[in-house]
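Presented below is the structure to which this report refers.
No value in this document is a laboratory result; all are computed from the given coordinates. Note that this is a predicted model, so its numbers are computed, not measured. Neighbour counts are summed over all protein chains in view; Cβ atoms, including those assigned to glycine, are modelled from backbone coordinates with ideal geometry.
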């Protein structure tokens, strides 16, 4: 049920019109290093007590080649918090959630929370970069079924701003 | 176990070593290159050695006789590229199926001493060969039985539990909390078993690796409860060495000694 909600929500497949939408902003900082690789990033929603609710995005090297280190999925375990919470349960890629890695800059994805019950949640963002570091951000938020309150965090190394905002569908 | 001794032929020294455990400082271990893996398939390489400092090759290799690998579904697997060098043995394992793999080095042996026409005799070997080498009704017959089990676990994808079934012989440190789901600051439970039954009142030593470069590695002793259970909270991420020794005896008498070592990796939160 939850997984279905995740797929539907992340893909934004629900009919626009009556449903509110979330804009999720993720900032990938530009890091000046000799050898830069785009980070793997996972965005998901938890309950405040830690229960998993839904995946919003998983950006990783989706190329599938034979051999150790060639298959991009081999490094998904480096998103350690996500891997332990839900990643290892999934069969990748996940439609509507998986996507290729993204370049430094600000990225926005649209999520349709649809049938997500009102309540308190935590937006979790995790980034892990080859030859770099790993960072996990937690942004508590309250969802009243129409508007989202909170859901903002500022990273220090591998992530910049991560923020959810709601907008009523025009 | 055998490799801990200066020379296998020095049996009398061996006897003393076995039963004076504080002097038995060398530590046996198998160290995996990774414990938590993702993707469709993966390779893991393992080092097996005996050393004082964890996990540094500084003393002896651990022989690979008695290497048993059980994969998901209870499937037995063979290692590849096995090699024994001066300080360590190593081997590779290809993980082709998602799930948990148990890697064990198991050995057992018997040492017997007796008198024959006034002459002291000694024999050491595999338990099943004792009958053909040691007279049944020998004078002053004394028998020491030793077993050891050195283990680690690795998981590709989702952890499974079928490789975690008790082997049912000797001493085992059986993970209750999945051994590839350990995180810094969290409590994990293990059950100590002797011949498949809960082993109460047995001490479990927990030692953090990295002793060459940190002043005082974390070290803790736990006593198993009546149900054989031990709860350990790992303070920080890293590889840990868990060891339990059961049985014992006094030099000059019959005795049993069972050792089990489990190496686990604790990951950051």
15 Å cut-off, amide nitrogen to a point 7 angstrom out along residue B:126 Cα→Cβ, residues in the stretch B:68-105: B:68
Calculated FRET value between residue A:107 and residue A:51, using beta carbons and R₀ = 25 Å, to 0.05: 0.40
Stretch gain in nm, segment residue B:116-residue B:215, where the contour uses 0.36 nm per residue and the Cα spacing is subtracted: 30.3 nm
Descending Cα extents along the principal axes, the stretch B:26-144, whole Å: 66, 34, 19
Rounded D (µm²/s) - the protein assembly as shown, Kirkwood Rh over Cα pairs, Stokes-Einstein at 10 °C, 1.306 mPa s: 64 µm²/s
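How would you order B:101-109, B:151-159, A:138-146 from highest to lowest mean count of nearby Cβ atoms within 10 Å?
B:151-159, B:101-109, A:138-146
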Mean projection area, nm², convex hull over Cα of the stretch A:75-170: 7.2 nm²
Share antiparallel - DSSP beta bridges, chain B, percent rounded to 5: 85 percent
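Would you calculate a helix-derived [θ] at 222 nm for the protein assembly as shown, using -39,500 (n - 2.57) for each DSSP H run of n ≥ 4 and dividing by the full residue count, to the nearest 500?
-1500 deg cm²/dmol
At 10 °C and 1.306 mPa s, what whole-number value in µm²/s does Stokes-Einstein give for the translational diffusion of the stretch B:102-183, with Rh from the Kirkwood sum over Cα pairs?
The diffusion coefficient I find is 101 µm²/s.
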Stokes-Einstein translational diffusion, chain B - Kirkwood Rh over all Cα pairs, 1.567 mPa s, 4 °C, in µm²/s: 67 µm²/s
Two-site label geometry, residue A:120 and residue B:223: point separation in nm, points 7 Å out along Cα→Cβ: 4.2 nm
Square roots of five times the Cα gyration tensor eigenvalues for the stretch B:27-87, Å: 23, 14, 10
Efficiency of FRET between residue B:136 and residue A:23 - r from beta-carbon atoms, R0 60 angstrom, step 0.05: 0.10
Other protein chain Cβ atoms within 10 Å, averaged over every residue that makes up B:33-39: 6
The stretch B:163-269, relative contact order in percent, only Cα pairs under 8 angstrom and at least six apart counted: 30 percent
Average other protein chain Cβ within 10 Å of Cβ, residues A:74-85: 4
Inter-chain Cβ neighbour average for residues B:178-186, partner chain, 10 Å: 1
Packing-based order for A:31-38, B:172-179, using average beta carbon neighbours within 10 Å, highest first: B:172-179, A:31-38
Span per principal axis, largest first, for the Cα atoms of the stretch A:55-124 (Å): 45, 28, 19
Inter-centroid distance (Cα atoms) of the stretch A:131-167 relative to the stretch B:139-209, Å: 41 Å
Chain B, relative contact order in percent, only Cα pairs under 8 angstrom and at least six apart counted: 18 percent
For the stretch A:2-167, alpha-carbon Rg relative to the globular expectation (2.2 N^0.38 Å, N residues): 1.01
Antiparallel DSSP beta bridges within the stretch A:2-167, percent to nearest 5: 95 percent
